[in-house]
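Have a look at the structure below before the remarks.
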Amino acid sequence: DAVNGALRAYFARFVDKPAPFPTSRDLVNALRQAAGPDHQSLITDLFETITLFDAGIAAVSTRQVDGGYEVTVDATAHQFTADGRGEEREVPLDTWFQVAVFPESTSDIAELEPLYLELHKLHSGSQRITVRVSERPGRVVVDPFCLMIDRNRSNNSHAVPLS
């Protein structure tokens, strides 16, 4: 909703106006005005720097609880910036990522409705996330819909072992 509002405001500001015409900087400024403080660094990462992420799942455990299952995810995450020549350096990570739990199924996750899908703020290094779902979980995925530029997508998904 905030992005759509920013785009409407940007359009209203520049529609049918003579030169000078808007630039990408005007669009980024409109997004910054609509975004809260928690999203300013994301705007910088998406539009002003070459930013790469490496988020993954090291381990998943689960246990049955009243009304469903408790799923514990040990995630790792790192952020890198790169210059135009491809030189990378790690920088502190403090960014929101989607975390999803999908039901047991042989279908591709793109065809499934997640049992759980929420944003979690990930930081550099290891962290533990615990969620509850009402149905038997089958797979946990960090950034399930590939919204972030991840250097290694192969470690973003982990089957859920049931104990």
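Here are some notes:
- Evaluation of MET148 against (1) surrounded by fewer than 18 Cβ atoms within 10 Å (Cβ to Cβ); (2) part of a loop (DSSP other than H, G, I, E, B); (3) under 16 Å from the mean Cα position of the chain (by Cα) (one fails), failing number: (1)
- If you go through the stretch 86-139 and keep only what is assigned to a loop (DSSP other than H, G, I, E, B), among the hydroxyl-bearing types (Ser, Thr, Tyr) and more than 16 Å from the chain's Cα centre (by Cα), you end up with SER105, THR106, SER107, SER134.
- The condition (being touching a residue at least 24 places away in the same chain (Cβ under 8 Å) and more than 21 Å from CYS146 (Cβ to Cβ)) is satisfied by just one residue among THR62, THR51: THR62.
- In summary, SER126 fulfils each of the numbered conditions (1) open to solvent by 40 Å² or more (accessible area, probe 1.4 Å); (2) small (Gly, Ala, Ser); (3) free of Cβ contacts under 8 Å to residues at least 60 places away in the same chain with the single exception of condition (3).
- Condition check for GLU135: surrounded by fewer than 19 Cβ atoms within 10 Å (Cβ to Cβ) and either touching a Leu at 6+ places or on another chain (Cβ under 9 Å) or on the phi > 0 side of the Ramachandran plot (or both): yes
- Tally, over the stretch 107-123, of residues that are touching a strand residue (DSSP E or B) at 6+ places or on another chain (Cβ under 9 Å) and either open to solvent by 80 Å² or more (accessible area, probe 1.4 Å) or without any contact (Cβ under 8 Å) to a residue 12 or more places away in the chain (or both): 5
- Odd one out for ARG153 among (1) open to solvent by 60 Å² or more (accessible area, probe 1.4 Å); (2) more than 27 Å from GLU48 (Cβ to Cβ); (3) of a type outside the set (Phe, Trp, Tyr): (2)
The values are calculated or read from the model by the stated rules, or taken from the named source; none is laboratory data. None of these values were measured; they are calculated from a predicted model. Here Cβ is always computed from backbone atoms with ideal geometry, including for glycine, and neighbour counts include all displayed protein chains. To get the accessible areas, we keep the full protein, side chains included, count just its heavy atoms, and leave off ligands, DNA and RNA. Shrake-Rupley method; radii C 1.70, N 1.55, O 1.52, S 1.80 Å.
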